[in-house]
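Beneath this line is the structure, given in structure tokens, with notes to follow.
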Amino acid sequence: MSARDSPQRVWRLRDTLYRIRYARCRSCGHSFYPPRISCTKCSSRDIELMVSKGLGSLIEYTILYQVSSRLQDSAPLVIGLIRLDEGFNIYGQIVDVDPRDLRKGMRVEATLRRLRIDGASGLITYGLKFRPSY
């Protein structure tokens with residue numbers, strides 16, 4: 001989202017911001033993200049939309065030390081590739097952990113965090129990030 005954030009826009013995007021919605025094929029059982037109208041494995045259109053529990057394992061990560069000026073308070077920024085328990089991968093920011101404590105395979109969970117504050121209106125937008133699951 002941009003500087004044109006509005007309460008109405010955030011409300012319309014609430015399913016995207018507050019949940020991890022994915023699809024599961026009823027024919028072959030394959031789960032995939034983001035949801036599509038047909039299965040990415042067998043091309044069946046017999047799919048169902050699901051909501052992830054947000055639990056998974058960290059596969060890979062990178063640490064960004066140089067970030068844009070609007071993200072300076074978040075530096076260093078950790079971006080991870082997470083394999084969710086439902087069987088698909090997703091990228092997300094990793095929070096609440098010292099970068100030195102990160103390790104591949106560590107358990108993480110989705111958590112609601114502040115994404116940004118619109119400077120013009122002061123509107124705070126929240127969304128999902130990931131934190132270690134102890």
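The values are calculated or read from the model by the stated rules, or taken from the named source; none is laboratory data. Just so you know, these numbers come straight off a predicted model, no measurement behind them. Note that each Cβ is placed from the backbone with ideal geometry, even for glycine, and that neighbours are counted across all protein chains shown.
Can you name every residue in segment 97-134 that is acidic (D, E), outside any strand (DSSP E or B) and either modelled with pLDDT of 85 or more or out of contact with any Asp or Glu (no Cβ under 6 Å at 6 or more places or on another chain) (or both)? Don't jump to the end; show me each part of the working.
Of the residues in segment 97-134, the ones acidic (D, E) are 98, 101, 109, 118.
Within this subset, residues satisfying the condition of being outside any strand (DSSP E or B) are 98, 101, 118.
D98, D101 - these are the residues of segment 97-134 that are acidic (D, E), outside any strand (DSSP E or B) and either modelled with pLDDT of 85 or more or out of contact with any Asp or Glu (no Cβ under 6 Å at 6 or more places or on another chain) (or both).
What residue, of S6, S38, S27, is touching a strand residue (DSSP E or B) at 6+ places or on another chain (Cβ under 8 Å) and either of a type outside the set (D, E, K, R) or under 22 Å from V108 (Cα atoms) (or both)?
S38
So which residues in segment 36-57 are under 30 Å from V97 (Cα atoms) and either in contact with a Lys or Arg (Cβ under 6 Å, 6 or more places away or on another chain) or of a type in the set (D, E, K, R) (or both)?
Of segment 36-57, the ones under 30 Å from V97 (Cα atoms) are 50-57.
Selection gives M50, V51, K53, G56, S57.
Scan segment 112-128 for residues that are in contact with a strand residue (DSSP E or B) (Cβ under 8 Å, 6 or more places away or on another chain) and either under 15 Å from T62 (Cβ atoms) or exposed (fewer than 14 other Cβ atoms within 10 Å of the Cβ) (or both) and jot them down. First the steps, then the outcome.
Going through segment 112-128, the residues in contact with a strand residue (DSSP E or B) (Cβ under 8 Å, 6 or more places away or on another chain) turn out to be 112-118, 123-128.
Once the filter is applied, which keeps residues that are in contact with a strand residue (DSSP E or B) (Cβ under 8 Å, 6 or more places away or on another chain) and either under 15 Å from T62 (Cβ atoms) or exposed (fewer than 14 other Cβ atoms within 10 Å of the Cβ) (or both), segment 112-128 yields L112, R114, I117, I124.
Under 7 Å between Cβ atoms, at least 6 apart or on separate chains: pull out the pairs that start in segment 72-90 with a residue that is more than 17 Å from K104 (Cα to Cα) and end on any residue that is surrounded by fewer than 19 Cβ atoms within 10 Å (Cβ to Cβ) and of a type in the set (F, W, Y).
Listed pairs, sorted by first residue: A75/Y65; P76/Y65.
Given the criteria modelled with pLDDT of 95 or more, crowded, with 16+ Cβ neighbours inside 10 Å, more than 13 Å from L128 (Cα to Cα) and among the small types (G, A, S), does G56 qualify? Working first, answer last.
On the way: modelled with pLDDT of 95 or more: yes; crowded, with 16+ Cβ neighbours inside 10 Å: yes; more than 13 Å from L128 (Cα to Cα): yes; among the small types (G, A, S): yes.
In short, yes.
Quick one: P35 ticks every box in (1) exposed (fewer than 13 other Cβ atoms within 10 Å of the Cβ); (2) assigned to a loop (DSSP other than H, G, I, E, B) bar one, so which box is it?
Only one criterion is unmet by P35, namely (1).
Which numbered condition in (1) touching a Gly at 6+ places or on another chain (Cβ under 8 Å); (2) surrounded by 15 or more Cβ atoms within 10 Å (Cβ to Cβ); (3) under 13 Å from K129 (Cα atoms) is the only one that Y91 fails?
Result: Y91 fails condition (2) only.
Would you point out which residue out of D101, D85, D118 is in contact with a Lys or Arg (Cβ under 9 Å, 6 or more places away or on another chain), over 29 Å from H30 (Cα atoms) and among the acidic types (D, E)?
Values: D101 fails: in contact with a Lys or Arg (Cβ under 9 Å, 6 or more places away or on another chain); D85 fails: over 29 Å from H30 (Cα atoms).
So the residue among D101, D85, D118 that is in contact with a Lys or Arg (Cβ under 9 Å, 6 or more places away or on another chain), over 29 Å from H30 (Cα atoms) and among the acidic types (D, E) is D118.
What pairs come up if the first residue lies in segment 106-134 and is under 22 Å from S69 (Cα atoms), the second is among the aromatic types (F, W, Y) and part of a strand (DSSP E or B), and their beta carbons are under 7 Å apart, counting only those six or more places apart or on different chains?
Hits for this filter: R113/Y126; R114/Y126; L115/Y126.
Which residue pairs have Cβ atoms closer than 6 Å, lie 6 or more positions apart in sequence or on different chains, and pair a first residue in segment 46-66 that is within 16 Å of P34 (Cα to Cα) and assigned to a strand (DSSP E or B) with a second residue that is at pLDDT below 95 and not basic (K, R)?
L49/P35
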